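> Got a structure for you, questions after.
The values are calculated or read from the model by the stated rules, or taken from the named source; none is laboratory data. Every value quoted in this text rests on a predicted model; they were computed, and no experiment measured them. Reconstructed Cβ throughout: ideal geometry from the backbone, glycine too, with neighbour counts over all protein chains shown. Each accessible area value is taken on the protein alone, full model and side chains, heavy atoms only, with ligands, DNA and RNA left out. Shrake-Rupley method; radii C 1.70, N 1.55, O 1.52, S 1.80 Å.
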Amino acid sequence: MSDLIATPLLWLAVTLVVFEAADTLSRRSRRHPLCHPVLLATPVLIGVLLATKTPYATYAEATQVLGFLLGPAVVGLAVPIWAQRATIRRLAKPLTCALLAGAVTAIVSAVGIVWLFGAPAEIMASIAPRATTTPVGMAVASQLGGIPALAAVIVLMSGVFGAMTATPLLNLLKIRDWRARGFAVGVSAHGFGAARAFQVDQTAGAFASLGMALNAVATATILSIVASLI
């Protein structure tokens, strides 16, 4: 039994089956915010690991191919962005303003809230890059004196929460332009937001991908400047 549990193919298969089941439930719920596939699949996988007493290191090694495939998937997001290049060029100024507003707001709001609760400097440094992608967030947090592992968890939670709440919130605000909706979701919820945007509309997905990429650069640049000053 222990030999079977240590088999990489087993955990890869378990991960894919659990996520597919979670995505099926999400589709049947018509993408209800509380039925996000990651939100459903994660506790199930954690429960399986605990029940089988499998170390996370074993699971991570067995599923590292999924992390590898994430690279080509991210690069593939350039295709819809390129298809929208004429529109992006025409909207360069408002997109830049929205990007800066979103990046600064994400940093100030996150750091400001934990500061009000008396959080130490390393926690504030870990939460500052919460709207970037995981690799960028971990690198920036480390540069600022934060905890990279904590930054990764915060980025993940931020993305899931953003993907869950984006559609109902934007509907409530009566924002109908798919370009604005997509860009806002990409800036605030990175890859999770982009994936959710593609489920709703291709144009929204393209602008969400753009927002995700640009915000990673903008946030890293802003926080690097702050780090050099302090």
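> Mind checking which residues of the stretch 158-179 are over 14 Å from the mean Cα position of the chain (by Cα) and either more than 19 Å from Ala101 (Cα to Cα) or without any contact (Cβ under 8 Å) to a residue 40 or more places away in the chain (or both)?
Thr167, Pro168, Leu169, Leu170, Asn171, Leu172, Leu173, Lys174, Ile175, Arg176, Asp177, Trp178
Yes or no, residue by residue, for (1) assigned to a helix (DSSP H, G or I); (2) β-branched (Val, Ile, Thr):
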| residue | (1), (2) |
| --- | --- |
| Ala73 | yes, no |
| Val79 | yes, yes |
| Ile88 | yes, yes |
| Leu100 | yes, no |
| Ala106 | yes, no |
| Ser109 | yes, no |
| Trp115 | yes, no |
| Gly118 | no, no |
| Glu122 | yes, no |
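> Here's something else I'd like to know. Working carefully through the options Leu10, Leu16, Leu50, Leu45, find the one that is open to solvent by 50 Å² or more (accessible area, probe 1.4 Å) and within 22 Å of the chain's Cα centre (by Cα).
Among Leu10, Leu16, Leu50, Leu45, only Leu16 is open to solvent by 50 Å² or more (accessible area, probe 1.4 Å) and within 22 Å of the chain's Cα centre (by Cα).
> Another question, if that's okay. Filter the stretch 71-103 down to residues that are within 19 Å of the chain's Cα centre (by Cα) and open to solvent by 70 Å² or more (accessible area, probe 1.4 Å) and give me whichever is modelled with the highest pLDDT.
It comes out as Leu100.
> Follow-up. Looking at (1) part of a helix (DSSP H, G or I); (2) open to solvent by less than 60 Å² (accessible area, probe 1.4 Å), which is the one condition that is false for Val153?
Unmet for Val153, out of (1) part of a helix (DSSP H, G or I); (2) open to solvent by less than 60 Å² (accessible area, probe 1.4 Å): (2).
> I need the full set of residues from the stretch 197-210 which are buried (at least 24 other Cβ atoms within 10 Å of the Cβ) and in contact (Cβ under 8 Å) with a residue 40 or more places away in the chain, in order please.
Answer for the stretch 197-210, where residues must be buried (at least 24 other Cβ atoms within 10 Å of the Cβ) and in contact (Cβ under 8 Å) with a residue 40 or more places away in the chain: Gly205, Ala206, Phe207, Ser209, Leu210.
> Okay, next question. If Arg31 meets every condition in (1) without any contact (Cβ under 8 Å) to a residue 40 or more places away in the chain; (2) touching a Lys or Arg at 6+ places or on another chain (Cβ under 9 Å) apart from one, which number is that one?
All conditions pass for Arg31, except number (1).
> If we scan the stretch 8-15, do we find a residue that is part of a loop (DSSP other than H, G, I, E, B) and without any contact (Cβ under 8 Å) to a residue 24 or more places away in the chain?
no
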